[in-house]
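A short worksheet on the structure shown next.
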Amino acid sequence: MTDSLPYRAERTDVSVDDLRFSLYAVVEIDAVLDACLARDPENADLIPYFAVLWPSALGLARWMSANRDLWPGATVLELGCGLGLPSLVAHRLGARVASTDFHPDNGPFFRMNAWLNGIESPAYFRMDWRRPALRIRPRVLIGSDLIYESDLMPPLVACVGELCPPGGLFVLADPGRPHLQSCCSLLEREGFTAVVEVVDDVFVVVFRRAEEVSP
């Protein structure tokens, strides 16, 4: 079953409150990192951060489970979806979900995990935040551990600013990286207000965009 995956992977079961999921993740991430660096040492986009389940993704998934009234019927877009756990949670809770990631090797992992959890035809797109050419206009954007490098902030903020509608939400889970406060400040300049919660030592920041004011 895993022959279609670009790296050796193993299946693990994940619980999010009463929700149960199965995910394939990379077995030896260090070996994968070495292979990617050997292939193109100057291309940071090839580093396979997507290939493991990070604590922020689990924290975001648990926040989503605790706020179940948001998801039924909502149009949701996950940025940097990686293995896809938050997307799977949103789908399980009744949302219409589209998932995106930029890494060229991410798609097979995400589609495998979607299939494992009963989604045969997931809406998945490879997307560069600098050129978010999507027709989707989600009510809620979600993402976890997206600002591990400072140069990711401007394109992320621009992408969220382009895709999030007035009154919409962007929910970002972060382990407390140095750039989180700067990211919050940039989004506040774009008309968002922020509320911070802590879930399992992960910061979950709920950004709400102001409603348009009629002239």
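The H on the amide N of Thr75, modeled in the peptide plane, is under 5 Å from the matching H of Arg96, Arg139, Val140, each at least 5 residues off or on a different chain. Every helix of 4 or more DSSP H residues in the chain counts as -39500 (n - 2.57), and over all residues that averages to -8500 deg cm²/dmol at 222 nm.
Computed packing ranks the peptides 146-155, 62-71, 94-103 as 94-103, 62-71, 146-155, most packed first, by mean other Cβ atoms within 10 Å.
The charge dipole of the chain, taken about its Cα centre with unit charges on the Cβ of Lys, Arg, Asp and Glu (plus for the first two, minus for the last two), comes to roughly 780 debye.
Modelled spin labels at Glu188 and Arg137, positioned 7 Å past Cα toward Cβ, are 2.9 nm from each other. Annotation: for a label point projected 7 angstrom from Cα along Cα→Cβ of Glu197, residues of the range 39-79 with backbone N closer than 19 Å are 55-79. Solvent exposure of the range 1-86 amounts to 49 Å² per residue of accessible area, where only protein heavy atoms count and the probe is 1.4 Å. Diffusion coefficient (Stokes-Einstein, Kirkwood radius over C-alpha pairs, 25 °C, 0.890 mPa s) for the range 81-215: 157 µm²/s, rounded to a whole number. Loop-resident GluC sites (Glu not before Pro) (DSSP state other than H, G, I, E or B) in the range 159-211 with no more than 12 further Cβ atoms inside 10 Å of their Cβ: Glu211.
How much length would be gained if the chain were fully extended between Glu42 and Arg68, taking 0.36 nm per residue of separation minus their Cα-Cα distance, in nm to one decimal?
5.1 nm
Panel note: the C-alpha atoms of the range 84-149, placed on their principal axes, show extents of 32, 27, 23 Å (largest first).
The listed peptides 9-21, 198-210, ordered by packing as a protection proxy, come out as 198-210, 9-21 (highest mean of other Cβ atoms within 10 Å first).
Mean separation of Cα pairs under 8 Å and 6+ residues apart, divided by the residue count of the range 75-215: what relative contact order is that in percent?
Worked out over the range 75-215, it gives 20 percent.
Shape summary of the range 27-67, radius of gyration then Dmax from alpha carbon positions: 14.2, 43 Å. Using C-alpha pairs below 8 Å separated by at least 6 residues, the relative contact order for the range 138-215 is 34 percent. Once backbone amide H atoms are built at 1.01 Å from N, Arg177 has no partners under 5 Å, excluding neighbours fewer than 5 places away on the same chain. When the solvent-accessible area of the range 170-215 is split by element, carbon and sulfur atoms take up 50 percent of it, the probe being 1.4 Å.
Near Gly82: Cβ cut-off under 12 Å, other residues only, Lys/Arg at +1 and Asp/Glu at -1. The net charge is -4.
Note on the range 166-208: Cα-only Rg and Dmax are 10.1, 30 Å. Averaging the Cα positions of each part gives two centres, and for the range 178-215 and the range 1-69 these lie 25 Å apart.
Dipole size of the range 72-194 about its Cα centre, with +1 on Lys/Arg Cβ and -1 on Asp/Glu Cβ: approximately 420 debye, rounded to the nearest 20.
Quick one: plug the Kirkwood hydrodynamic radius of the range 1-118 (C-alpha pairs) into Stokes-Einstein at 20 °C, 1.002 mPa s, and report D in µm²/s.
145 µm²/s
The values are calculated or read from the model by the stated rules, or taken from the named source; none is laboratory data. Since we're looking at a predicted model, the values are computed, not measured. In this analysis, Cβ positions are derived from the backbone assuming ideal geometry, glycine residues included, and neighbour counts consider all displayed protein chains. Only protein heavy atoms, including side chains, enter the accessible area calculation; ligands, DNA and RNA are left aside. Shrake-Rupley method; radii C 1.70, N 1.55, O 1.52, S 1.80 Å.
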